[in-house]
Amino acid sequence: MKKNYIKLFAAITSAVLLNSNAVNAQCITPPATTISAAGTCGPLPFSATLSATGASSLQTGWYTNAFGGNAVGTGSTFATPSLTAPTVYYTAQLAPTTNQSLTLPAQSGPYVGDTRGFWFAAPTSFVIKGVRVPTDNVGNSSIAIVKLPSIPPTYPAFTNTFSVLYLAQNVPGTGTISVNIPVYSGDVIGVLGVRSNINSYGPGGYVANLGTNTLTLNRFGMQFPLSTTAPQDLWDDGSSSISRVELYTTLGCLNSLTAYTVNTSPSPTVTAVSNSSLLCSGQSATVTPSGAVSYTFFPAIPVSGVISPTTTTSYTVLGVSAAGCTGLGSFTQSVTACTGLEANVNNQLSLALYPNPTTGIFTVELTNGLAKTIVISQTTNEDLINLNVSNLANGVYYVKVLSNNKSDVMKIVKQ
């Protein structure tokens, strides 16, 4: 008998564990959401597109309050409105299991006057997807949903410590109003609702079902008309009548709200500088860009930054900052058809000038043996004259040589 009891106990324990694992396996709470932004460049005002990571099966809501409230957007991406200052958005993701509506008692009668509703402690996490005041009474509907830090005080005491998750006043029609309001297990939620300030009364202390979960709907209210007054001075009143409001939900595993600050980043100031302001055709220079972390040149240049244009060329450079913002810069590489040693020889004066371009010192050679005048320097009978222009700024200069009543002008590049 003892052996059979042990076997039975083990079988029961195994069954309970298997059942518990099956329940827990219905969903897994998503990890904390990672948010990224695109379009956050340039001056204010600006707008951005936010993206949330996660499996495609997750239901994502975007909120403007740390406590949640009604979503301003749903889906894995959200385009912000035009922003004039850094703004914080929040997101929560639900791994859904089932859609369920909150059961309500039948209407026991209408009550005309101040606003009533019900409060409950959430037995599980879910997202409220729709709300509606029953149509036992006619007129525009007004609905409020609040989150309280604890059980509301008993009337005549009241509280104004709560967060308004949703408020809609004087909404025409009889259809369900779409919302997206995250509720976490243990949250104390208060619901108010009327049609044309008429409450749809039902018995208080009602044990409602939300899927396989049960919760007690307790009397909740304020001494003001909801159609014209936001929730205030809220109280509990034991098991007296409640005012009925339909809630349509999606149950599942809900991760915590994740905050993300959307801010603009300045566009980078992009510049590019050549190490030689003037090139002879066929020579090379190295271009150094700055102001960003990556660059693209138009027309394209090698990764080394070495350019060899044959004519004066204007370049545009696109720079991308670490924040992904872009900026444009430009520069012009000047090119001249410099005259080398052979090409610089003048038939009349047998004149040569080298090196050309020069960094400072260059030589003028005239082989006719006659006196010559170098306008920028001196008179000499030498056929080779070394001139130093290192104190001059980089650029193009002209050398005029006079000899035997003849003259010649040659161009030299100082770099």
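The values are calculated or read from the model by the stated rules, or taken from the named source; none is laboratory data. Small disclaimer: the values here were computed from a predicted structure and weren't measured. Virtual Cβ from ideal backbone geometry, glycine too; neighbours counted across all protein chains shown.
Counting just the residues of the stretch 91-104 that are of a type in the set (Ser, Thr, Tyr) and in contact with a Gly (Cβ under 7 Å, 6 or more places away or on another chain), which one comes out nearest to Val183 (Cα to Cα)?
Only one residue fits best here, namely Thr91.
Based on what the data block shows, is Thr174 under 24 Å from Val138 (Cβ atoms) and surrounded by fewer than 18 Cβ atoms within 10 Å (Cβ to Cβ)?
yes
For Ala106, are the conditions met, namely being outside any strand (DSSP E or B), of a type in the set (Gly, Ala, Ser), modelled with pLDDT of 95 or more and loosely packed, with under 15 Cβ neighbours inside 10 Å?
Yes, satisfied.
Quick check on the stretch 67-84: of everything there that is in contact with a Phe, Trp or Tyr (Cβ under 8 Å, 6 or more places away or on another chain) and closer than 12 Å to Pro182 by Cβ, which residue is surrounded by the fewest Cβ atoms within 10 Å (Cβ to Cβ)?
So, considering only residues that are in contact with a Phe, Trp or Tyr (Cβ under 8 Å, 6 or more places away or on another chain) and closer than 12 Å to Pro182 by Cβ, the one surrounded by the fewest Cβ atoms within 10 Å (Cβ to Cβ) is Thr74.
So the check is Cβ under 6 Å with 6+ separation or different chains; which pairs have a first residue in the stretch 99-111 that's at positive phi and a second one that's modelled with pLDDT of 95 or more and assigned to a strand (DSSP E or B)?
Gly109/Tyr201
Conditions (1) buried (at least 19 other Cβ atoms within 10 Å of the Cβ); (2) on the phi < 0 side of the Ramachandran plot; (3) of a type in the set (S, T, N, Q), marked per residue:
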| position | (1), (2), (3) |
| --- | --- |
| Ile242 | yes, yes, no |
| Ala259 | no, yes, no |
| Asn263 | no, yes, yes |
| Leu278 | yes, yes, no |
| Gly282 | no, no, no |
| Ser294 | no, yes, yes |
| Ile301 | yes, yes, no |
| Gly305 | no, no, no |
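Only one of (1) at pLDDT 95 or above; (2) among the small types (Gly, Ala, Ser); (3) not assigned by TED's automatic domain parsing to the domain that holds Ser200 is not met by Ser227, so which one is it?
Ser227 satisfies all of (1) at pLDDT 95 or above; (2) among the small types (Gly, Ala, Ser); (3) not assigned by TED's automatic domain parsing to the domain that holds Ser200 except (3).
Give the residue that is farthest from Gly211 (Cα to Cα), with candidates limited to residues of the stretch 81-130 that are among the small types (Gly, Ala, Ser) and within 27 Å of the chain's Cα centre (by Cα).
Of everything passing the filter in the stretch 81-130, Ala85 is farthest from Gly211 (Cα to Cα).
Write out, first by first residue and then by second, each pair whose Cβ atoms fall under 6 Å of each other, whose residues are 6+ apart or on separate chains, and whose first residue, in the stretch 291-313, is over 25 Å from Ala337 (Cα atoms) while the second is among the aliphatic types (A, V, I, L, M) and exposed (fewer than 15 other Cβ atoms within 10 Å of the Cβ).
Val293/Ala322
Working only within the stretch 85-103, note down all residues that are part of a loop (DSSP other than H, G, I, E, B) and crowded, with 18+ Cβ neighbours inside 10 Å.
The one that is part of a loop (DSSP other than H, G, I, E, B) and crowded, with 18+ Cβ neighbours inside 10 Å: Leu102.
May I ask you to say which residue of Pro302, Pro268 is out of contact with any strand residue (DSSP E or B) (no Cβ under 9 Å at 6 or more places or on another chain) and either closer than 27 Å to Gly61 by Cβ or not basic (Lys, Arg) (or both)?
Pro302
Within the stretch 166-276, which strands (runs of 3 or more DSSP E) (wholly inside it) include 1 or more residues that are in contact (Cβ under 8 Å) with a residue 12 or more places away in the chain and farther than 23 Å from Ser125 by Cα?
Per the criteria, 188-195, 198-202, 213-222, 258-262, 271-274.
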